[in-house]
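Reviewing the structure listed below.
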Amino acid sequence: MKQTLTVLLAFLLGFNACQLPEKPQEKDPRPLLLQRLDGTWIGKGQVTGEPVTYLISVGPVLNSAFSKIHMVDLSSPPQYEALVFIGEDPRTKTIITHWLDSFGAAYSIPHGTGKISDQTLEFTIPYPESVFLDRFIYDERSDSWKLEILSRKDSSSSWSVFAGYDLHRRTAGN
């Protein structure tokens with residue numbers, strides 16, 4: 001009995017040591033442009049020429065170290081779903097991106113890297129079969145975004161459009 005209580009006490013003390021801090025972080029460390037992505041969006045556009053519509057939810061995660069983007073295709077049943085984690089290395093101002101989607105684990109590597117300039121968040125993901133260039137372009141006047149996804153086979157080929165979406169905040173009517 002004494003051993004059981006000792007093990008239970010050790011487990012509870014270890015569990016408490018792993019708890020998140022009680023006080024939330026007062027200042028969001030993410031770049032302002034990433035914070036502007038927060039919210040719920042409807043993304044309409046095309047993938048390889050085919051029309052698509054996504055419900056896109058964005059918000060801070062992991063003590064605001066990343067923005068988490070959750071994309072779900074609105075077709076029934078959904079044909080695509082993705083979780084995208086975007087963070088900034090504050091020392092180098094490099095954007096680090098992890099794109100996980102319903103294509104599976106093999107397509108979740110490697111990570112992407114890029115930068116923020118003006119109203120554009122841009123990163124490349126060098127997949128073995130082709131490089132992808134993702135651009136989130138913010139329009140402050142309309143509080144909307146454009147997401148462009150380009151691809152190319154190698155450094156000698158030109159970029160081609162893989163997908164493009166217009167993102168507008170979800171309202172009660174949409």
* What about Arg91, is it buried (at least 16 other Cβ atoms within 10 Å of the Cβ) and of a type in the set (Lys, Arg)? -> no
* Asked: Would you call Asp166 loosely packed, with under 11 Cβ neighbours inside 10 Å and of a type in the set (Asp, Glu)?
  -> no
* Are any residues in region 113-129 surrounded by 13 or more Cβ atoms within 10 Å (Cβ to Cβ) and in a loop (DSSP other than H, G, I, E, B), and if so, which ones? -> Gln119, Tyr127
* **strands (runs of 3 or more DSSP E) wholly inside region 1-112 that include at least 3 residues being among the hydroxyl-bearing types (Ser, Thr, Tyr) and modelled with pLDDT of 95 or more** => 50-61
* Hey, does region 132-141 have a residue that's surrounded by 14 or more Cβ atoms within 10 Å (Cβ to Cβ), part of a strand (DSSP E or B), in contact with a strand residue (DSSP E or B) (Cβ under 9 Å, 6 or more places away or on another chain) and of a type in the set (Ser, Thr, Tyr)? -> yes
* To do: Return yes or no: is Gln79 out of contact with any helix residue (DSSP H, G or I) (no Cβ under 7 Å at 6 or more places or on another chain) and farther than 22 Å from Leu150 by Cα?
  => no
* To do: Scan region 71-87 and give yes if some residue there is closer than 24 Å to His168 by Cβ, crowded, with 16+ Cβ neighbours inside 10 Å and of a type in the set (D, E, K, R), otherwise no.
  => yes
* **Odd one out for Lys146 among (1) assigned to a loop (DSSP other than H, G, I, E, B); (2) in contact with a strand residue (DSSP E or B) (Cβ under 8 Å, 6 or more places away or on another chain); (3) at pLDDT 95 or above** => (1)
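The values are calculated or read from the model by the stated rules, or taken from the named source; none is laboratory data. Just so you know, these numbers come straight off a predicted model, no measurement behind them. Every residue, glycine among them, receives a Cβ derived from its backbone with ideal geometry; neighbour counts consider all protein chains shown.
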